[in-house]
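Student: Structure in structure tokens, see below.
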Amino acid sequence: MNDLVIHLCLFGLISAVIVMMSAFFTETEDGAALKSFPRRLLHFLVGCGILTGLMLAVEATLASV
Amino acid sequence: MAILTKTPKSTRPAGEPTVAVLLTWFMPGAGHLYLGRTRFALVAFVVVQGIYLLGLKLSGGMGFEFLQEELRGAFAPALAPEAGNLGALLYHLKNYGYGMPYPREFPSTVALGSMLTAASGMFNVALMCHAHFAARLPRGESRGFGSPAFAVLLTWLVPGLGHLFQGRRLRAVLVFCMIVGLVTFGTILAEGLNLSRERHYYYWGGQFMAGLPALLPELFGGGKAVSSHIPYGEAGLVIASVAGLLNIQTMLDVYGFGERQEFGGGAAADESKAGASAQETGA
């Protein structure tokens, strides 16, 4: 369990950097990029959550041995 | 009475940007030769190919022998940073390839040598940016260090430095903290496991894009033997590699900003057009 928490924290850290960089890439203005960061991060995390759910579902059904 | 007229300066672009980029990709300097910049082309060719040749010498041409047997496909080196200098990469593959069919000892300078061949690829990418920018400028004009290609090179060497060069201080600080911080954090987490091209060929390629913050620790303390289990070694490896890949995005940001400053376009141009049409409507 502790291991899972550490991995989630690492994922959270790297997600924040990925989202910040993509915000900088999309927005020319620094202010606009920083302002859009929370919304972008939420979208990214929710998207990753959905993908994880799908992968777990596939693992438990189609790919289960 | 004679009328003195001043010949207007040509505003025609120096050449086709795509052609200049592709020529440079195949042969450093060829794009500039096409654009009529012979002296620059010669210097660029000598420097970029010289770095690759020096790297080949130091590594004994064994750089691609880091790849494990099962990964040695025809296109496997295409994912290496050397792919930025296609002509030299093809020369390397043709003359050295994956080496002999029996194991050989790597020379003691193999790490530095393969770092130089990879750096030559990145220098040629900056040269391709320069050729693209120079092709869009009116014939006979140049911007010297004002070209966004220089900012791209600075961004590769130290993430954030290109933004600083362009006067975007806040972005420079944030980019530096995030990318250099991530590389450092990944390296600490992996206990230096990531600092070896021989051990992690493709992850190293990603991490290499973060420039000096990844390369200097490798030069001075990389390639250490692993003597015990590293609990988050693989996580650290991925984190350092992702940081390097994100720096590619910042290089694109820097180049795009530089081009927009010179030629307009994008959001800035749209805003100015909207402002002008609003003024016309008001009038």
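The values are calculated or read from the model by the stated rules, or taken from the named source; none is laboratory data. Remember, it's a predicted structure, so these values are computed and weren't measured experimentally. FYI the Cβ positions are ideal-geometry reconstructions off the backbone, even for glycines, and counts take in every protein chain you see. We work out accessible area using only protein heavy atoms, side chains counted, and drop any ligands, DNA or RNA first. Shrake-Rupley method; radii C 1.70, N 1.55, O 1.52, S 1.80 Å.
Student: Going through the stretch B:228-261 one residue at a time, which ones are open to solvent by 50 Å² or more (accessible area, probe 1.4 Å) and more than 15 Å from B:S196 (Cα to Cα)? Don't jump to the end; show me each part of the working.
Tutor: First, the residues of the stretch B:228-261 that are open to solvent by 50 Å² or more (accessible area, probe 1.4 Å): B:228-229, B:231, B:234, B:238, B:245, B:248, B:252, B:260-261.
Those that are open to solvent by 50 Å² or more (accessible area, probe 1.4 Å) and more than 15 Å from B:S196 (Cα to Cα): B:S228, B:H229, B:P231, B:L245, B:I248, B:L252, B:R260, B:Q261.
Student: Still on this model: Looking at A:F24, is it out of contact with any helix residue (DSSP H, G or I) (no Cβ under 6 Å at 6 or more places or on another chain), among the hydrophobic types (A, V, I, L, M, F, W, C) and within 12 Å of chain B (Cβ to nearest Cβ)?
Tutor: Working: out of contact with any helix residue (DSSP H, G or I) (no Cβ under 6 Å at 6 or more places or on another chain): no; among the hydrophobic types (A, V, I, L, M, F, W, C): yes; within 12 Å of chain B (Cβ to nearest Cβ): yes.
Here the answer is no, as A:F24 does not meet what is asked.
Student: Out of the residues in the stretch B:48-61 that are in contact (Cβ under 8 Å) with a residue 40 or more places away in the chain and open to solvent by 80 Å² or more (accessible area, probe 1.4 Å), which is farthest from B:A131 (Cα to Cα)?
Tutor: B:K57
Student: Taking the conditions exactly as written (assigned by TED's automatic domain parsing to the domain that holds B:I248 and open to solvent by 30 Å² or more (accessible area, probe 1.4 Å)), does B:A225 satisfy them or not?
Tutor: Numbers: assigned by TED's automatic domain parsing to the domain that holds B:I248: yes; open to solvent by 30 Å² or more (accessible area, probe 1.4 Å): yes.
Answer is yes for this residue.
Student: Condition first: of a type in the set (F, W, Y) and either open to solvent by less than 50 Å² (accessible area, probe 1.4 Å) or at pLDDT 95 or above (or both). Now tell me which residues in the stretch B:176-202 satisfy that. So that I can check it myself, show each step before the final result.
Tutor: So the first thing to find is which residues in the stretch B:176-202 are of a type in the set (F, W, Y), and the list is B:176, B:185, B:201-202.
Selection gives B:F176, B:F185, B:Y201.
Student: Filter the stretch B:20-33 for residues that are open to solvent by 60 Å² or more (accessible area, probe 1.4 Å) and either on the phi > 0 side of the Ramachandran plot or out of contact with any Gly (no Cβ under 6 Å at 6 or more places or on another chain) (or both) and give the result.
Tutor: Taking the stretch B:20-33 as the starting set, the residues that turn out to be open to solvent by 60 Å² or more (accessible area, probe 1.4 Å) are B:22-23, B:25-27, B:33.
Matches in the stretch B:20-33: B:L22, B:W25, B:L33.
Student: I've got another one for you. Give the residue, chosen from B:M178, B:M100, that is more than 28 Å from A:I14 (Cβ to Cβ) and either in a loop (DSSP other than H, G, I, E, B) or within 14 Å of another protein chain (Cβ to nearest Cβ) (or both).
Tutor: Working: B:M178 fails: more than 28 Å from A:I14 (Cβ to Cβ).
Result of the check over B:M178, B:M100: B:M100.
Student: Of the residues B:A111, B:A151, B:A131, only one is among the small types (G, A, S) and either free of Cβ contacts under 8 Å to residues at least 60 places away in the same chain or under 21 Å from B:G15 (Cβ atoms) (or both); which? Break it down into steps so the answer makes sense when it comes.
Tutor: Details: B:A111 fails: either free of Cβ contacts under 8 Å to residues at least 60 places away in the same chain or under 21 Å from B:G15 (Cβ atoms) (or both); B:A151 fails: either free of Cβ contacts under 8 Å to residues at least 60 places away in the same chain or under 21 Å from B:G15 (Cβ atoms) (or both).
Answer to the selection: B:A131.
Student: Residues of the stretch A:14-53 being closer than 24 Å to B:V254 by Cα, among the aliphatic types (A, V, I, L, M) and out of contact with any Asp or Glu (no Cβ under 8 Å at 6 or more places or on another chain), which ones?
Tutor: Correct list: A:I14, A:A16, A:V17, A:I18, A:V19, A:M20, A:M21, A:A23, A:A32, A:L34, A:L41.
Student: Still on this structure, please answer the following. Residues that are open to solvent by less than 90 Å² (accessible area, probe 1.4 Å), modelled with pLDDT under 90 and in a loop (DSSP other than H, G, I, E, B): does the stretch B:80-92 have at least one?
Tutor: No, the stretch B:80-92 contains no residue that is open to solvent by less than 90 Å² (accessible area, probe 1.4 Å), modelled with pLDDT under 90 and in a loop (DSSP other than H, G, I, E, B).
Student: Follow-up question, since we're still on this one. Within the stretch A:1-17, which residues are within 14 Å of chain B (Cβ to nearest Cβ) and open to solvent by 50 Å² or more (accessible area, probe 1.4 Å)?
Tutor: From the stretch A:1-17, those within 14 Å of chain B (Cβ to nearest Cβ) are A:2-17; that's our starting set.
Hits for the stretch A:1-17 are A:N2, A:D3, A:L4, A:V5, A:I6, A:H7, A:L8, A:C9, A:F11, A:L13.
Student: For residues that are without any contact (Cβ under 8 Å) to a residue 40 or more places away in the chain and assigned to a helix (DSSP H, G or I), scanning just the stretch B:155-170, find the one that is nearest to the other protein chains (Cβ to nearest Cβ).
Tutor: B:L170
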